[in-house]
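Everything below concerns the one structure shown next.
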Amino acid sequence: MRKGIGIALLSLGLGGCAALHPGLSGSRDAGAAKSALANATHVMQLPASQQRAACASARKQLGSTPPPSASDGLSLVALGLAVPACLAPADIQRLLRRLPKSALVEYLRLLAARQANDEQALLQAQDKITSLQTKIKALTLIEQQLNQVNNLELRHPGQSKTSPR
């Protein structure tokens with residue numbers, strides 16, 4: 001999933017999609033969008049320890065006063081979507097609301113929504129797995145107890161404490 005996001009970010013950046021939207025006017029803003037995508041793609045390809053360092057720096061920048069500029073915000077959003085657990089989904093949504101409307105920003109907004117839905121589905125699946133594992137353990141315990149009773153009955157026929165039905 002994350003590789004797909006990285007490929008999408010890279011293709012958007014290299015394909016010039018950043019220059020197609022009305023919210024980022026001028027080549028400077030288009031360059032900022034292309035730079036944000038290239039940076040996120042670069043960080044995705046780094047070892048995990050360097051990704052964590054980049055994310056720590058991003059979180060520090062996110063908490064700075066004044067809030068990040070539009071170009072910095074775009075870089076933070078791209079990084080937050082590209083690197084797993086880099087930024088909290090609420091922080092990404094807050095940054096997206098501050099960015100000028102554009103095709104790229106709308107795409108990133110949809111990507112963030114999809115990630116949030118995927119995360120929710122994953123959490124629900126993990127809860128279901130945990131519940132099923134608990135049930136399996138309980139059934140295994142019952143099976144072991146029944147096997148013990150059966151073994152006792154086989155060793156001592158007719159001395160069962162349960163009455164026949």
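The values are calculated or read from the model by the stated rules, or taken from the named source; none is laboratory data. What you see is a predicted model; the values in this text were computed from it and never measured. FYI the Cβ positions are ideal-geometry reconstructions off the backbone, even for glycines, and counts take in every protein chain you see. For the accessible areas, the whole protein counts, side chains as well, though only heavy atoms, and no ligand, DNA or RNA atoms are used. Shrake-Rupley method; radii C 1.70, N 1.55, O 1.52, S 1.80 Å.
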Exercise for the section: Kindly indicate which of Q145, Q124 is out of contact with any Lys or Arg (no Cβ under 7 Å at 6 or more places or on another chain), within 30 Å of A48 (Cβ to Cβ) and either open to solvent by 80 Å² or more (accessible area, probe 1.4 Å) or at pLDDT below 95 (or both). Expected result: Q124
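How many residues does the stretch 64-90 hold that are open to solvent by 40 Å² or more (accessible area, probe 1.4 Å) and within 21 Å of the chain's Cα centre (by Cα)?
From the stretch 64-90, those open to solvent by 40 Å² or more (accessible area, probe 1.4 Å) are 64-67, 69-72, 84-85, 88-90; that's our starting set.
Right, trim to within 21 Å of the chain's Cα centre (by Cα) and you get 84-85, 88-90.
Residues flagged as open to solvent by 40 Å² or more (accessible area, probe 1.4 Å) and within 21 Å of the chain's Cα centre (by Cα) within the stretch 64-90 amount to 5.
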Problem - Count of the stretch 61-84 residues which are more than 19 Å from G31 (Cα to Cα), in a loop (DSSP other than H, G, I, E, B) and at pLDDT below 90 - result: 6
Completion exercise
E153 vs (1) open to solvent by 100 Å² or more (accessible area, probe 1.4 Å); (2) part of a helix (DSSP H, G or I); (3) at pLDDT below 95: all pass except (1)
Problem - Qualifying positions in the stretch 78-113 - touching a helix residue (DSSP H, G or I) at 6+ places or on another chain (Cβ under 8 Å) and among the acidic types (D, E) - result: D91
Practice task
Within the stretch 32-59, track down each residue that is of a type in the set (D, E, K, R) and either assigned to a loop (DSSP other than H, G, I, E, B) or closer than 16 Å to I92 by Cβ (or both).
Solution key: R59
Handout entry: Cross-chain or 6+ apart pairs with Cβ under 6 Å, the stretch 108-128 first and of a type outside the set (S, T, Y), then part of a helix (DSSP H, G or I) and open to solvent by 60 Å² or more (accessible area, probe 1.4 Å)
Key = A116/P89
Problem - Of all residues making up the stretch 36-63, the number that are among the β-branched types (V, I, T) and open to solvent by 40 Å² or more (accessible area, probe 1.4 Å) - result: 0
Problem - Failed item, numbered, when I7 is tested on (1) closer than 23 Å to L122 by Cα; (2) assigned to a helix (DSSP H, G or I); (3) at pLDDT 90 or above - result: (3)
Completion exercise
Filtering the stretch 91-117 for residues that are open to solvent by 70 Å² or more (accessible area, probe 1.4 Å) and aliphatic (A, V, I, L, M) leaves a count of 1
